[in-house]
1. Can you give the calculated 222 nm mean residue ellipticity of the chain, where each DSSP H run of n ≥ 4 adds -39,500 (n - 2.57) and the sum is split over every residue, rounded to the nearest 500 deg cm²/dmol?
2. Hey, of (1) 48, 37, 32; (2) 53, 38, 36; (3) 76, 32, 30, which did the structure itself give for Cα extents along the principal axes in Å when calculated?
3. If contacts are Cα pairs under 8 angstrom and at least 6 residues apart, what is the relative contact order of the range 1-104 in percent?
4. Please rank 190, 17, 44, fewest neighbouring Cβ atoms within 10 Å first, as an exposure proxy.
5. Let a ≥ b ≥ c be the square roots of the eigenvalues of the Cα gyration tensor of the range 143-193; is it rounded (a/c under 1.5), or, if not, prolate (a/b larger than b/c) or oblate?
6. Tilt of helix 32-45 relative to the longest C-alpha principal axis of the chain, in degrees (0 to 90, nearest 10)?
7. Where both partners of a DSSP beta bridge lie in the chain, what percent of those bridges are antiparallel, to the nearest 5?
8. Could you put 180, 60, 167 in order, starting from the residue whose Cβ has the fewest other Cβ atoms within 10 Å?
């Protein structure tokens with residue numbers, strides 16, 4: 001998606017250890033107009049799929065997923081990273097390793113919000129090694145629901161997550177795929193000459 005790639009080139013900052021900082025428009029301050037265009041693109045890419053729910057993970061995916069859910073006309077559910085007193089006790093749980101935070105989280109979704117009849121679109125801001133997505137896929141499988149596809153804002157094509165997910169036969173639509181980047185250097189996108 002050219003609009004997203006241009007924004008990454010303009011405002012993205014590459015840090016050490018393959019970190020792409022996009023906090024000025026995606027995961028701290030959010031550009032809702034950009035999110036709306038991303039949601040329209042996912043709606044086009046997943047046209048004809050019987051999606052009735054969007055699932056993401058706390059916290060950076062929530063804004064993007066909420067805008068996408070409005071475009072699809074479905075609710076959004078997010079996997080929580082901690083148990084709280086207001087969360088039901090009847091839950092699906094799994095553990096994920098966070099690339100960004102460098103730690104393992106238990107993620108939780110209430111069974112009343114993810115059911116066997118659900119046709120789910122997973123949405124997230126980044127795909128690096130695929131650990132968060134694998135955790136979400138486990139939750140959907142535990143619920144007996146169906147994954148209709150995965151929408152990612154930014155995929156790091158030089159890391160293994162995208163290949164891992166695609167090898168499972170799941171429709172994965174990443175709106176910007178970064179092939180290479182280096183601190184102070186150029187960001188190269190897939191398909192870029």
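1. Working: 5 runs with 56 residues, N = 193.
Only helices count here, giving -9000 deg cm²/dmol.
2. Comparing each candidate, only (1) matches the computed number.
3. Numbers: 89 pairs, mean separation 20.6, N = 104.
For the range 1-104, the relative contact order is 20 percent.
4. Details: 190 15, 17 7, 44 10.
Taking fewest neighbouring Cβ atoms as first place, the list is 17, 44, 190.
5. Details: a/c = 2.80, a/b = 2.66, b/c = 1.06.
Judged from the Cα gyration tensor, the range 143-193 comes out prolate (a/c at least 1.5, a/b above b/c).
6. Computed tilt is about 70 degrees.
7. Working: 14 of 35 bridges.
DSSP beta bridges in the chain are roughly 40 percent antiparallel.
8. Values: 180 15, 60 21, 167 8.
With the fewest neighbours first, 180, 60, 167 line up as 167, 180, 60.
FYI, it's all coordinate maths here, none of it is from the lab. What you see is a predicted model, and the numbers here were worked out from it, not measured in a lab. Cβ coordinates were reconstructed from backbone atoms using ideal geometry, including for glycine residues, and neighbour counts include every protein chain displayed.
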